[in-house]
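Okay, so here's the structure we're looking at.
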Number of protein chains: 2
Amino acid sequence: MANIREIAKVAGVSVATVSRVLNGYPYVKEEKRKAVWEAVEKLNYTKNINAVHLAKGKTSIVGVVLPYVNHPYFGAIVEGISREALRYGYHLLLFQTNYEVQKELEALEMLRMKQVDGLIICSRIVSWDVIDVYKDDGPIVLCEDVKGRDVLSVYINHYEAFLFAMKYLMNKGHRKIGYCIGRTTGTNSKAREAAYYDALRNIHESPRKEWIFDHCLYIEDGKRVVNEWLALPEKPTALLVSSDQVAAGIVLWGRREGINIPEDLAVFSFDNHPIAEALEITTMDLPLSLMGTKAFRMIYQCLETGKIAKKSEKLDARLIERSSV
Amino acid sequence: MANIREIAKVAGVSVATVSRVLNGYPYVKEEKRKAVWEAVEKLNYTKNINAVHLAKGKTSIVGVVLPYVNHPYFGAIVEGISREALRYGYHLLLFQTNYEVQKELEALEMLRMKQVDGLIICSRIVSWDVIDVYKDDGPIVLCEDVKGRDVLSVYINHYEAFLFAMKYLMNKGHRKIGYCIGRTTGTNSKAREAAYYDALRNIHESPRKEWIFDHCLYIEDGKRVVNEWLALPEKPTALLVSSDQVAAGIVLWGRREGINIPEDLAVFSFDNHPIAEALEITTMDLPLSLMGTKAFRMIYQCLETGKIAKKSEKLDARLIERSSV
DNA sequence: ATAATGTATGAAAAGCGTTTCAATGCAATA
DNA sequence: TATTGCATTGAAACGCTTTTCATACATTAT
């Protein structure tokens, strides 16, 4: 495979000139410019981008760290990142972690090794100490409330959203409220948990462990929730569900079990995925795609200008009132 | 940032020895090995992976070309690819194309420039001539029937699956059958179209343009289909739907319009996404994740051994009988 | 004792584009 | 005419690791 030196030889110019032509720099006589392009054509030359990466010290790639590629929640975020990255000529390197520390570390190592120029961590399990170690290796954006820590972040105000939902349910007269969550660890989950407990405390209700359903991610998890709910001696009358997927599962499997929604069980969900519209599920719209877009922009700005306008950005959820509550 | 030369100096060895230690090669005295690791520790050294890429001429990255990251169909494929890539220490570079030729070309260029070692094209719009140009730049796997062309491929037998579905519907007495598809171009879509026409011809029914619904990808497209179906002067009694998402939309919006399924309208779908189970939709299970896994393996095998066991692999769909037909 | 192996190590080349610096030529301004 | 400045170009350094080749010494086999 031809390289830039051969092009230079064939075109009768120096490698510097070839580089100038290839990158569209000025100060090259038109005839030389032409000669270079002809040589490129003739030798069927293509840049070796790894040499470019080495020489420039950057790759125009940002890494995206997430537990599951195939979940609509993360899909929406990635979509937002992808759209923006495309616009600025950046590429995306995907790190599916399954919440394994090892995999997350690997992604961080890739930042240090300059495989990626920056990192967007959609969800994580590694501790802050670990993140801190890699902070100087390139911009890292977290999709969670970093609470004043010295890292970039764009996040959805899950606490407010959950609190809002709780109050909404309580306004409708509900006192016995349970909730479904993807995992109990993680900043976002903790924020929701806090809102849940705070709201319950407000009405002097004590929380019940059996009304909290963990590991709720996909539609099929809704089936499990319905079955567990049915088996409950004392049942909550309403459920906050952190994902429309799970809510859809609950509504659909619930129907099959003869559960009336919202009469027997009110379902209040989050995401505003089209499935929620189709099922008339009351939900909070989460600006996931926007969050991805903003996360990328933050990285980009940091990379190109070295400055950051805002270190942290909080995005709000929006009520979509339908008939499942 | 320290480099391998500095490590060599500090450890009092040559760069070759440092490289040996770093890569776990034999033939290094234990004491030197230790000295190197100590220097690495001391200088907080990390490899510059771009230099590695350049020197090795490979990156251990495979590119994944797809139109939309955020569709469950492609999500499932990527999931399969990702799982396998993880196992073999490969990374995934995502190319979201939105079916723009320019974007697909860019991905192919990345193969030529050695940004990626191989390419998995989940769906495409560029012509075969274009693909051919890049064939020698690295392994390319297509997720479609390449019909004897000299490219690798793993694909689902959409023709058989669609034909099977048509016969199934016809066995249930349906004669007026329409179908919903994501796009009308593309090998996979053409295969389905062919099966549709072949089956109709079999029962001497002539196809109707207004019974073919294009651009059906997401749940919300089901709403559109329902509305169009309702407005039809003469309605098909059954619909073949290429995606469970759309089928779900049809079933759900159909219910809201008082359409009885399957009495008024039978729905036969594809994918076997959990949503189909929740909605009791009869569907064909498509081994999407498996296809991704196999696609990666093909690339991997090609890369590591230079040989290909099978150039093309056809995967079959499986009937999941439920109650929407 | 000698040839043949195996272990251990470093110098140098190879992989390749970018960028800086110095130099040359030519035109415009003082 | 002298000076300043811009246009043009190339040599060489830079980014960094891998890998080959040659060398030296220690064993083991013949």
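The values are calculated or read from the model by the stated rules, or taken from the named source; none is laboratory data. These figures come from a predicted structure and were not determined experimentally. Counting neighbours? That spans all protein chains shown, and the Cβs are built from the backbone with ideal geometry, glycine included. When the accessible area is computed, the model is the full protein with side chains, heavy atoms only, and any ligands, DNA or RNA have been set aside. Shrake-Rupley method; radii C 1.70, N 1.55, O 1.52, S 1.80 Å.
Starting from the label point of A:Arg5 at 7 Å along Cα→Cβ, the same points in the other copies fall at 1.7 nm, in ascending order. On the protein heavy atoms, probe 1.4 angstrom, tell me the percent of accessible surface of the range A:206-325 carried by carbon and sulfur. Reported share for carbon and sulfur atoms: 48 percent. Chain B contacts chain A over a buried accessible area of about 4500 Å², both sides summed; the probe is 1.4 Å and only protein chains count. Note on the protein assembly as shown: Cα Rg divided by 2.2 N^0.38 Å, N the number of residues, gives 1.07.
Compared with the dominant Cα axis of chain A, that is its longest principal axis, helix A:244-256 is turned about 40°. Here the spin labels are modelled as points 7 Å beyond Cα on the Cα-Cβ line, and at A:Arg87 and A:Ala55 they lie 3.0 nm apart. The accessible-area loss of the range B:46-78 on complex formation, taken against its chain alone with a 1.4 Å probe, reaches 50 Å² or more at B:Thr46, B:Ile49, B:Asn50, B:Leu54, B:Asn70. With a 1.4 Å probe rolled over the protein heavy atoms of all chains, the accessible area of A:Cys302, A:Cys143 falls in the order A:Cys302, A:Cys143, largest first.
Helix B:101-112 versus the longest principal axis of chain B: what angle, 0 to 90°, nearest 10, using Cα atoms? Approximately 30 degrees, to the nearest 10. Heavy atoms of the protein chains alone define the surface here; on that basis the range B:158-285 has 39 Å² accessible area per residue at 1.4 Å probe size. Computed on the Cα atoms alone, the convex hull of the range B:158-285 gives a volume of 92 cubic angstrom per residue.
Per residue, the accessible area of the range A:86-146 comes to 34 Å² when a 1.4 Å probe rolls over the protein heavy atoms.
Between the Cα long axis of helix B:219-231 and the first principal axis of chain B there is an angle of about 20°, rounded to the nearest 10. What separates the Cα centres of the range A:108-139 and the range A:270-285 is a distance of 33 Å.
In this assembly of identical copies, the label point of A:Glu234 (Cα plus 7 Å along Cα-to-Cβ) is separated from its counterparts by 6.4 nm, sorted shortest first. Over what distance in Å are the Cα centres of the range A:218-269 and the range A:21-53 separated? Going from one Cα centre to the other spans 63 Å. Solvent-accessible surface of the range B:4-47, taken per residue with a 1.4 Å probe and all protein chains present: 69 Å². Distances from A:Lys209 to itself in the other copies, using label points 7 Å out along the Cα-Cβ axis, amount to 6.6 nm in increasing order. Looking at the range A:225-325 alone, DSSP beta bridges between its own residues are antiparallel in about 25 percent of cases.
Within the range A:27-119, what whole-number % of the accessible surface is contributed by carbon and sulfur, with the 1.4 Å probe and all protein chains included in the calculation? Looking at the range A:27-119 in its full context, I get 52 percent from C and S.
GNM on chain B, alpha-carbon springs under 10 angstrom: the most fluctuating residue among B:Thr59, B:Thr187, B:Thr46 is B:Thr46. Under the shape rule built on the C-alpha gyration tensor, where the axes satisfy a ≥ b ≥ c, the range A:81-137 is prolate, since a/c reaches at least 1.5 and a/b is greater than b/c.
Taking 7 Å steps out from each Cα toward its Cβ at B:Glu234 and B:Thr184 produces label points 2.0 nm apart.
Looking at the protein assembly as shown only, what percent of DSSP beta bridges run antiparallel? Nearest 5 please. Once the DSSP bridges in the protein assembly as shown are tallied, antiparallel ones form about 10 percent. In this structure A:Arg20 has an accessible area near 90 Å², from a 1.4 Å probe over the protein heavy atoms. In terms of its C-alpha gyration tensor, the range B:120-227 has a prolate overall shape, because the principal axis ratio a/c (a ≥ b ≥ c, square roots of the eigenvalues) is not below 1.5 and a/b outweighs b/c. How much FRET efficiency would the formula 1/(1 + (r/R0)^6) give for A:Leu43 and B:Lys147, where r is the Cβ-Cβ distance and R0 is 45 Å, rounded to 0.05? So, using R0 = 45 Å, E works out to roughly 0.85. Using the rule -39500 (n - 2.57) for each DSSP H run of four or more residues, divided by the residues of the protein assembly as shown, the 222 nm mean residue ellipticity is -14500 deg cm²/dmol. For an R0 of 60 angstrom, estimate the FRET efficiency from the Cβ-Cβ distance between A:Glu304 and B:His204 and round to the nearest 0.05. Efficiency for this residue pair is about 0.40.
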